[in-house]
């Protein structure tokens, strides 16, 4: 196997000790560097030009990908960026790389959000990704509680961890311990998680995924106020919309008040959502008619 092939199978970047273990001699590696087929990243890493930029940044900085950078690689939910918030579009520029760095390590790279901390789980020096536990702990300290919990629950939904496993970790930060208190199994989407965490401080009875009129509703406040959160993945087609409208009509005929909010409203116009919900509750719409 050629060194470039070996690197391509490892996201385009590898540790020189791993290359040695794979049978590539130091002279072989030096020759590849001189020829320009691979490049050296500090003393111990080599990479192809096609290597993922975030991995190259981690190798150069002596850290490990964490927080939302690792979340993206693992397929977890990631909070919307400033660009998305202002324009509704995906960001056109590269976002900062989140790196977990040893407490003694200086920052060697630009466009990096550094998380200096002793790792919760030991990390092998030849890896460029933090542990799931460290990534979640960093996210808890990097984001507001609602979005941090959404990242945690997304990690559970993608089978990167389990609630039981998270409960067994000795979390060092108060932010991580607070996240753990809010994490619930079985949520369908991170948008629902954000809504639930934000509303949980209100002190009203709030239940998730309650079966009403033959179908589950996202939230039931009190006994009669139904809230549906329309994330794109579950409400994107004409058939989905028709089904939703039919269910809403059936719920209203049974005496429920139904409120629907979009992803954009929950994430970017929470004050409006909060005002509508507070108005509904003040009018007793969360209770059965007298």
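Computed values, structure above
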{"quantity": "Extension gain (nm, one decimal) between residue 210 and residue 272, 0.36 nm per residue minus Cα-Cα", "calculated": "19.9 nm"}
{"quantity": "Rounded to 10°, Cα long-axis angle of helix 145-157 versus longest principal axis of the chain", "calculated": "70"}
{"quantity": "Ellipsoid semi-axes in whole angstrom, largest first, where each is sqrt(5λ) of the Cα gyration tensor of the stretch 98-170", "calculated": "22, 15, 11"}
{"quantity": "Two-site label geometry, residue 73 and residue 105: point separation in nm, points 7 Å out along Cα→Cβ", "calculated": "1.1"}
{"quantity": "Convex hull of the stretch 57-182 built on C-alpha atoms - directionally averaged projected area, nm²", "calculated": "7.9"}
{"quantity": "Residue 52-residue 254 pseudo-label distance in nm [points 7 Å out on the Cα-to-Cβ vector]", "calculated": "4.5"}
{"quantity": "Angle between the chain longest axis and helix 238-253 axis [Cα atoms, degrees, rounded to 10]", "calculated": "40"}
{"quantity": "C-alpha long axis of helix 270-282 to longest principal axis of the chain, angle in °", "calculated": "30"}
{"quantity": "Extension gain, residue 288 back to residue 31 (0.36 nm per residue minus Cα-Cα distance, nm)", "calculated": "84.7 nm"}
{"quantity": "At q = 0.12 Å⁻¹, base-10 log of I(q)/I(0) for the stretch 1-131 (Debye sum, equal scatterers on each alpha carbon)", "calculated": "-0.52"}
{"quantity": "Principal axes of the chain: Cα extent on each, largest first, Å", "calculated": "85, 42, 33"}
{"quantity": "Top of 160, 189, 27 by mean-square fluctuation, Gaussian network on the chain, Cα under 10 Å", "calculated": "27"}
{"quantity": "Residue 18/residue 81 FRET efficiency (R0 25 Å; Cβ-Cβ; nearest 0.05)", "calculated": "0.15"}
{"quantity": "Rough spin-label spacing in nm, given labels placed 7 Å along Cα→Cβ, for residue 39 and residue 168", "calculated": "4.2"}
{"quantity": "MRE, 222 nm, helices only [DSSP H, n ≥ 4, -39500 (n - 2.57), over the chain, to nearest 500]", "calculated": "-13000 deg cm²/dmol"}
{"quantity": "For the stretch 150-199: span of alpha carbons on each principal axis (Å, largest first)", "calculated": "27, 24, 12"}
{"quantity": "Rg/Rg_globular for the stretch 137-290, with Rg_globular taken as 2.2 N^0.38 Å and Rg from C-alpha atoms", "calculated": "1.11"}
{"quantity": "Fluctuation leader among 152, 76, 116 - the chain, Gaussian network, Cα springs under 10 angstrom", "calculated": "116"}
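We did not get these values from a lab; they are worked out from the coordinates using the rules stated. All values derive from a computational prediction rather than experimental measurement. No Cβ is skipped: glycine too gets one built from the backbone with ideal geometry, and neighbour counts run over all protein chains shown.
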